[in-house]
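Heads up: the structure comes next, in structure tokens.
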Amino acid sequence: MGMLEGLTTAHLADACVRAGVPVRTVSVTAVVGERIAGRVLPAQHVGSVDVFLEAFESAAEGDVLVVDNGGRRDEACVGDLVALEAAAAGVAGIVIWGLHRDTVDITAIGLPVFSLGALPTGPLRLDPQPADALSTATIGAWTVTRDDVVLADQDGAIFVPANRVAELQSLAESIRDTEHHQAAEIRTGRSLRTQVSFPDYLTKRAANPSLTFRQHLRSIHGAIEE
């Protein structure tokens, strides 16, 4: 079974909340593919593809290229040749904090790619490459390294510490299974309000206004919000 197989970014985000792990998520859109998961292979783009080629030199099978282009929307930083080279290097996919281009060709290649959008214009600049260009990437508010794992799907991307993956996977699977059971019950006519004893919660909250719904859910082993 592959890394985080059968889990969504939402399941993993809820597991992070439950485990007290920072919830590091960003909104990116799938260009190709429905999901990718793997160790972060960071690269800071400064105007040239050579940083990606250098990253591929040390890539392990299943790594995910995470491109830091500062969220820029005035240039595309990844095109079809980078996607092809990534696939040849055994990279599982690409997550771009920035834009891509060559959408038709990238789609034909089939390597999962997530980005902030597309633009025909490539880089018109070449800035100095930082010393940490291949060791860290800033994605939204988060700085990620090779000590992180990324999962991306139709809801966006989430980054978690590699050394917490097993714990978070177990929690996320529990949350997923609870929610799937709740959904099945709703379909058979047993409302979610009944399943989570919502009238009981309202009664308890009336007596104790500080009681939160999340606390109530924990007491009955519900999921929903985490």
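A compact table of results
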| read-out | value |
| --- | --- |
| Placed amide H near GLY38: partners under 5 Å, 5+ positions off or other chain | VAL150 |
| Residues GLU54, GLU5, sorted so that the one with the fewest Cβ neighbours within 10 Å comes first | GLU5, GLU54 |
| Estimated D of the chain in µm² per second, where Rh is the Kirkwood radius over Cα pairs and Stokes-Einstein applies at 10 °C, 1.306 mPa s | 84 |
| Inter-part distance where segment 189-213 and segment 1-72 are each reduced to a Cα centre, Å | 38 |
| Packing-based order for 99-108, 19-28, 187-196, 60-69, using average beta carbon neighbours within 10 Å, highest first | 60-69, 99-108, 19-28, 187-196 |
| Hull-based mean projected area of segment 5-59, where the convex hull spans the alpha carbons, in square nanometres | 5.5 |
| Dipole-positive endmost among ILE36, LEU53, VAL23 within segment 9-164 (Cβ charges, Cα centre) | VAL23 |
| For segment 111-119, Karplus couplings with θ = phi - 60° (6.51, -1.76, 1.60), whole Hz, Gly/Pro x | 5, x, 9, 10, 8, 8, x, 10, 7 |
| Which of SER210, PHE159, SER115, positive extreme of dipole for the chain (C-beta unit charges) | SER210 |
| Relative contact order of the chain, defined on C-alpha pairs under 8 angstrom at six or more residues apart (%) | 27 |
| Two-site FRET efficiency, ALA166 against GLU61, from Cβ-Cβ distance with R₀ of 22 Å, rounded to 0.05 | 0.65 |
| Under the Karplus curve 6.51 cos²θ - 1.76 cosθ + 1.60, θ = phi - 60°, whole-Hz ³J(HN,Hα) for segment 71-78, x wherever Gly or Pro sits | x, 4, 10, 10, 7, 9, 10, 10 |
| Anisotropy class of segment 168-220 from Cα gyration tensor, a/c 1.5 cut | oblate |
| In order through segment 32-44: 3J(HN,Hα) via Karplus (6.51 cos²θ - 1.76 cosθ + 1.60), integer Hz, x for Gly, Pro | 9, x, 9, 6, 9, 8, x, 5, 5, 10, x, 7, 9 |
| Within the chain, helix-based [θ] at 222 nm, where runs of 4 or more DSSP H residues each add -39,500 (n - 2.57), nearest 500 | -10500 deg cm²/dmol |
| Distribution of pairwise C-alpha distances over segment 54-111, 10 Å bins, in % | 24, 55, 20, 0 |
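No value in this document is a laboratory result; all are computed from the given coordinates. All of these numbers come straight from a predicted model, not from anything done at the bench. No Cβ is skipped: glycine too gets one built from the backbone with ideal geometry, and neighbour counts run over all protein chains shown.
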